[in-house]
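Participant: One structure follows; several queries about it will come next.
Read the figures in this text as sums done on the coordinates, not as results from a lab. None of the values given here were measured: they were computed from a predicted structure. Positions of Cβ are backbone-derived with ideal geometry, glycine not excepted, and every protein chain shown enters the neighbour counts.
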Amino acid sequence: MKILVAGGGGREHAIAWRLSRDEVKHEIFCAPGNAGTAAIATNLPIGAEDVDAIADWARENNPDLVVVGPEAPLVKGLVDRLLSLGIPAFGPVAAGARMEGSKRFAKEIMDAANVPTGKAETFTDPAKAKAALPGYGLPVVIKADGLAAGKGVVVAETLEQAESAIDDMLVSGKFGIAGAEVLIEEFLHGEECSILAMTDGERAVLLPSSQDHKRIFDGDRGPNTGGMGAYSPAPVVTEDKLPLIKEKIILPVIRELKKRGIVYRGILYAGLMVNDGNSNPSGPLAKSGSAVNVVEFNARFGDPETEAVLPRLGGDFATALLHAATGCLEESDIVVKPEAAATVIVASGGYPGAYAKGKEISGLEDAEASGAIVFHCGTKDADGKTVTSGGRVLSVTGLGSTLREAVDRAYGAVSKISFDGMYCRKDIAHRAFERS
Ligand code: AMP
Ligand code: GLY
């Protein structure tokens with residue numbers, strides 16, 4: 001197949017890499033890709049959000065499939081455009097991408113479909129929002145309705161913090177239009193996990209569970225990042241929870257969307273809070289009374305979850321994506337290998353704040369030779385050298401027959417890599433190890 005992957009981060013490198021591992025050989029293109037995808041695909045000088053340029057390329061080159069990585073082009077309607085040209089595209093249409101693009105819309109769908117989630121209300125008036133706060137207790141969660149690059153969520157420990165988050169969004173316009181509406185949401189206790197469900201708008205197949213590490217420092221301390229590592233499977237998602245997640249969360253959402261005329265195809269990513277009494281920190285169940293509650297939905301593969309989950313998939317990945325994109329997904333399209341996977345993000349010093357770029361990276365070949373997979377997130381080629389070009393630089397994945405082996409393999413590879421200011425968390429998968 002001729003396949004275009006839109007995007008240029010670790011997630012898109014992992015998607016292109018997994019496609020390149022299919023038994024049938026594909027012709028793979030990335031828009032724009034990065035220094036890592038250049039080794040397995042043809043990078044195009046087209047930004048992932050440039051809907052017009054991607055549509056033009058697709059019209060001229062007639063790919064069998066376009067896989068859209070990031071949320072922004074989905075929300076902008078890239079899939080709608082490609083479908084109007086008759087080109088199969090993996091990812092939801094813009095109306096479906098609102099599951100990620102509008103937290104209010106996602107809550108509306110969840111309420112209509114009776115999906116377990118925290119209690120929440122939406123406000124545009126700061127005074128009314130503040131007046132509602134006492135009904136939520138503390139901590140309380142304040143969220144900007146729209147896309148805010150992962151920064152639009154404040155978990156407020158005090159009333160003052162909650163009020164100033166409301167003012168930041170509704171009065172100062174800190175997130176622009178994305179913060180013109182805010183949600184006040186009940187704080188959910190428990191342990192988070194990620195479930196990526198592949199769907200063709202009718203059926204859904206759950207990919208293996210995973211867990212992200214959102215904070216910058218070990219022990220889940222410090223500011224939030226785009227994700228500092230992941231592992232799969234996540235033991236917090238015990239076997240008995242999978243039918244509940246599929247039947248009470250994923251399928252009802254897909255059906256509710258369909259009822260409204262939205263055929264949702266691609267990945268529906270459910271960020272879940274699990275509270276089964278074993279979770280740390282534990283606390284009361286959400287108002288829904290369910291042990292599994294939805295924290296958020298995303299309309300795409302997670303990053304860095306994808307770098308841990310896709311290496312665990314067997315079978316023909318391109319066929320699975322095409323089947324989902326064209327409405328004929330089958331359970332047998334997803335084959336899961338027994339190995340565990342652990343992914344360590346190698347970041348630039350200072351991230352998620354200011355950081356330097358253009359630092360030469362050494363040891364990449366040694367890291368790969370050690371048996372790990374090195375996905376590139378923020379790198380570029382500069383005169384034949386690979387240099388840093390982002391906050392998250394590399395995503396290093398180890399596989400193993402146990403999670404411990406996978407983690408050791410990932411960190412073994414990371415130890416071969418160096419660049420000025422390099423930083424990574426040292427405790428990826430700690431929650432899994434604390435459980436066992
Ligand atoms: P979101 O962008 O909605 O995923 O929120 C970012 C992060 O904020 C989540 O990954 C959680 O760690 C935290 N968070 C969001 N909503 C809640 C909630 N209702 N209860 C507890 N933590 C939350
Ligand atoms: N890892 C979190 C996300 O992709 O949104």
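Participant: Rounded to two decimals, what is Rg over Rh for the chain when you use alpha-carbon atoms and the Kirkwood radius?
Facilitator: We get a ratio of 0.95 for the chain.
Participant: Oh, and also: Give me the number: length gained by fully extending Asp408 to Leu85, i.e. 0.36 nm times residue separation minus the C-alpha to C-alpha distance, one decimal in nm.
Facilitator: Full-extension gain reported as 111.6 nm.
Participant: Using a Förster distance of 25 angstrom, determine the FRET efficiency expected from the C-beta separation of Lys151 and His189, and round it to 0.05.
Facilitator: So the FRET efficiency works out to roughly 0.65.
Participant: Hey, another quick one. Of the options Thr388, Leu4, Ala204, report the single residue whose Cα projects farthest towards the positive end of the charge dipole of the chain (beta-carbon charges: Lys, Arg +1; Asp, Glu -1).
Facilitator: It is Ala204.
Participant: What Kirkwood radius, in Å to one decimal, follows from the Cα pairs of segment 282-430? Each step should come with its number before you reach the end.
Facilitator: On the way: mean 1/r = 0.0573 Å⁻¹.
That comes to 17.5 Å for segment 282-430.
Participant: Could I ask something else about it? What number do you get for segment 94-151 when its Cα radius of gyration is normalised by 2.2 N^0.38 Å, N = residues? Write down the numbers at each step before the final one.
Facilitator: Values: Rg = 12.5 Å, N = 58, 2.2 N^0.38 = 10.3 Å.
After normalising by residue count via 2.2 N^0.38 Å, the value is 1.21.
Participant: If I model segment 182-253 as equal point scatterers sitting on the Cα atoms and use the Debye formula, what is log10 I(q)/I(0) at q = 0.18 Å⁻¹?
Facilitator: Those come out to -0.88, one per q.
Participant: Still on this structure, I have one more. Val154: net charge of surrounding residues, Cβ under 15 Å, Lys/Arg +1, Asp/Glu -1, itself excluded?
Facilitator: Net charge around Val154: -3.
Participant: Can you give the charge dipole size of segment 327-399 about its Cα centre, rounded to the nearest 20 debye, using +1 on the beta carbon of Lys and Arg and -1 on the beta carbon of Asp and Glu?
Facilitator: 480
Participant: Out of segment 52-111, which GluC sites (Glu not before Pro) are coil in DSSP terms and have no more than 11 other C-beta atoms within 10 Å? Before the final figure, lay out each step's value.
Facilitator: Numbers: sites: Glu60, Glu71, Glu100, Glu108; in loops: none.
Of the GluC sites (Glu not before Pro), not one in the loops of segment 52-111 has a Cβ with at most 11 other Cβ atoms within 10 Å.
Participant: When Rg is the radius of gyration of the Cα atoms in segment 37-77 and Rh is its Kirkwood radius, what does Rg/Rh come to?
Facilitator: 0.95
Participant: What ratio of Cα Rg to 2.2 N^0.38 Å holds for segment 347-436?
Facilitator: Rounded to two decimals, the normalised Rg is 1.13.
Participant: Which order do Thr386, Thr117 fall in if you start with the one that has the fewest other Cβ atoms within 10 Å?
Facilitator: Thr386, Thr117
Participant: Label points 7 Å out from Cα along the Cβ direction at Ala132 and Lys357: separation in nm?
Facilitator: Spacing of the two 7 Å Cα→Cβ label points: 3.9 nm.
Participant: Tell me, Tyr355, Tyr264 in order of fewest to most beta-carbon neighbours within 10 Å?
Facilitator: Working: Tyr355 18, Tyr264 25.
So the ranking, lowest neighbour count to highest, is Tyr355, Tyr264.
Participant: For segment 196-325, just the Cα set please: Rg and Dmax, both in angstrom.
Facilitator: Just the Cα atoms of segment 196-325 yield Rg and Dmax of 15.4, 44 Å.
Participant: With +1 on the Cβ of every Lys and Arg and -1 on the Cβ of every Asp and Glu, and nothing else charged, how large is the dipole of segment 145-299 about its Cα centre, in debye rounded to the nearest 20? Spell out each step's value before the answer.
Facilitator: Details: 15 positive and 22 negative charges, 141 e Å.
That gives segment 145-299 a dipole magnitude of about 680 debye.
Participant: Where the only charges are on Cβ atoms (+1 Lys, Arg; -1 Asp, Glu), what is the dipole of the chain about its Cα centre, to the nearest 20 debye?
Facilitator: Its charge dipole is roughly 300 debye.
Participant: Return the calculated 222 nm mean residue ellipticity for the chain, to the nearest 500 deg cm²/dmol, obtained by summing -39500 (n - 2.57) across DSSP H runs with n ≥ 4 and dividing by the residue count.
Facilitator: Details: 15 runs with 120 residues, N = 436.
When only DSSP H runs of four or more count, the value is -7500 deg cm²/dmol.
Participant: Now a separate question. Please report Val344, Val171, Val374 as a ranked list, fewest other C-beta atoms within 10 angstrom at the top and most at the bottom.
Facilitator: Ordered by Cβ neighbours within 10 Å, fewest first: Val171, Val374, Val344.
Participant: Now a separate question. Distance cut-off 22 Å, Cα to Cα: go down the list Lys76/Lys103; Lys151/Lys259; Lys25/Lys380; Lys357/Lys380; Lys241/Lys337; Lys107/Lys259 and report the pairs above it.
Facilitator: Too far apart for the 22 Å limit: Lys151/Lys259; Lys25/Lys380.
Participant: I'd like to know which of Ala356, Ser370, Ile345 lies farthest towards the positive end of the charge dipole of segment 340-386, counting +1 on Cβ of Lys and Arg and -1 on Cβ of Asp and Glu.
Facilitator: Ala356
Participant: Grab the Cα-Cα distance for Ser401 and Glu160, subtract it from 0.36 nm times how many residues apart they are, and report the gain in nm with one decimal.
Facilitator: So the extension gain works out to 81.9 nm.
Participant: While we're here: Using alpha-carbon positions, what is the distance between the centroids of segment 216-263 and segment 162-197, in Å?
Facilitator: 18
Participant: Let me ask something additional. Stretched out fully, how many nm does the piece from Glu330 to Glu434 gain, at 0.36 nm a residue minus the Cα gap? Write out the running numbers ahead of the final one.
Facilitator: Details: separation 104, 0.36 × 104 = 37.44 nm, distance 3.58 nm.
So the chain would gain 33.9 nm between Glu330 and Glu434.
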